[in-house]
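What follows draws every value from the coordinates through simple rules; no lab data is involved. As the structure is a prediction and not an experimental result, all values here were calculated from the model. Quick reminder, even Gly has a Cβ in these numbers, built from the backbone with ideal geometry, and neighbours come from all protein chains shown.
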There are 2 protein chains.
Amino acid sequence: MDLPEDGDPLDLDRQVCFPLYAASNLLNRLYRPILAELGLTYPQYLVMLVLWKQTPQTVGSLGDMLYLDSGTLTPLLKRMETTGLISRTRDAGDERRVLIDVTAKGRALRSAAENVPAVLAAGIEIDATSVAQLRDQVRGLVAILHGDSKNADTASS
Amino acid sequence: MDLPEDGDPLDLDRQVCFPLYAASNLLNRLYRPILAELGLTYPQYLVMLVLWKQTPQTVGSLGDMLYLDSGTLTPLLKRMETTGLISRTRDAGDERRVLIDVTAKGRALRSAAENVPAVLAAGIEIDATSVAQLRDQVRGLVAILHGDSKNADTASS
């Protein structure tokens, strides 16, 4: 990626990453009261979305899907085990792997969560086409960053 | 915002906010080793960008610029005071306001930070036009979310 050469490179308005960070913070703030009713934080909600779709998952597969490293994911999963939403068990076939499953309590939460996207969407003054477009573009960036971040991980290990 | 009515609303791939969260996480991971050399986390780097531009700032003005609430910002600023990058002083004219300024140590860090955008950009395989386009679109989303989140704050207080 080339940077334009004029102006101050440290100007906040020129930072590429800052609007993404800001959008992520603001979305988190909008989600907070909605997810609080379910007793979930945003990253916990993402974990549940994956698990409601398919279980069991390994910590590695969850991390790959959510772009979270295990240093972030493991404490998150431990908290969710404590609150009774998920179970963590060693894979009998491979002791290095931890398998994550939803509990009955975690599964029961799904029907309450079905309203979350609609409640959130109702609170945002933006049309669905713009959102879908933006989502796909940010996804493109994620794919590029993910490749780069994997390379960086390899280079540093 | 209207949601399309077909399909599972809880499908991870359909979440609008998830790619933004993922992009923010991945960018944070790319920034981490670069900023670690300066002894800064990403949110601390953003605070320094604002302060290098203009000081003093109130906690409120920093929060407005960085879209962070004071519950997030205050502990962050306290840590930065401890590491000697900034000073926090009560405004003599208005005791409720805390003024944030850079110290000599914080100011000296600026020249080392000037390389950060270029080092980061060199590691990302994306052309500058796509990035600028994406940045402007995400900024549009931020403006919309910011309006909504301010309204939500008002409604809940």
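Points worth noting:
- Separation in nanometres of the label points that stand 7 Å from Cα toward Cβ, at A:Ala132 and B:Lys78: 4.7 nm
- Spin-label model, A:Ala118 to B:Ala92: label points 7 Å out along the Cα-to-beta-carbon direction sit 6.0 nm apart.
- Calculated FRET value between B:Asp69 and A:Gln54, using beta carbons and R₀ = 45 Å, to 0.05: 0.80
- Partner chain coverage, peptide B:32-42 - average Cβ within 10 angstrom: 1
- Degrees separating the helix A:104-113 axis from the principal Cα axis of chain A, which is the longest one: 40 degrees
- Distances from B:Asp11 to itself in the other copies, using label points 7 Å out along the Cα-Cβ axis, amount to 4.2 nm in increasing order.
- Relative packing of A:53-63, A:88-98, which averages over residues the other C-beta atoms within 10 Å, highest first: A:53-63, A:88-98
- Three-way shape label, chain A, alpha-carbon gyration tensor, a/c 1.5: oblate
- Cβ-vector label at 7 Å, A:Arg88, separations to other copies in nm: 3.2
- With contributions of -39500 (n - 2.57) from each DSSP H run of at least four residues, the per-residue ellipticity at 222 nm computed over the protein assembly as shown stands at -20500 deg cm²/dmol.
- Distance from the axis that maps chain B onto chain A is least for the Cβ of the chain B residue given, with the whole Å value, as B:Ser24, 2.
- Here the ratio of the Cα radius of gyration of the protein assembly as shown to 2.2 N^0.38 Å is 1.05.
- Protection proxy ranking of B:113-120, A:18-25 - average other beta-carbon atoms within 10 Å, highest first: A:18-25, B:113-120
- Distances in nm from B:Ala132 to the matching label points in the other copies, shortest first (labels 7 Å along Cα to Cβ): 2.9
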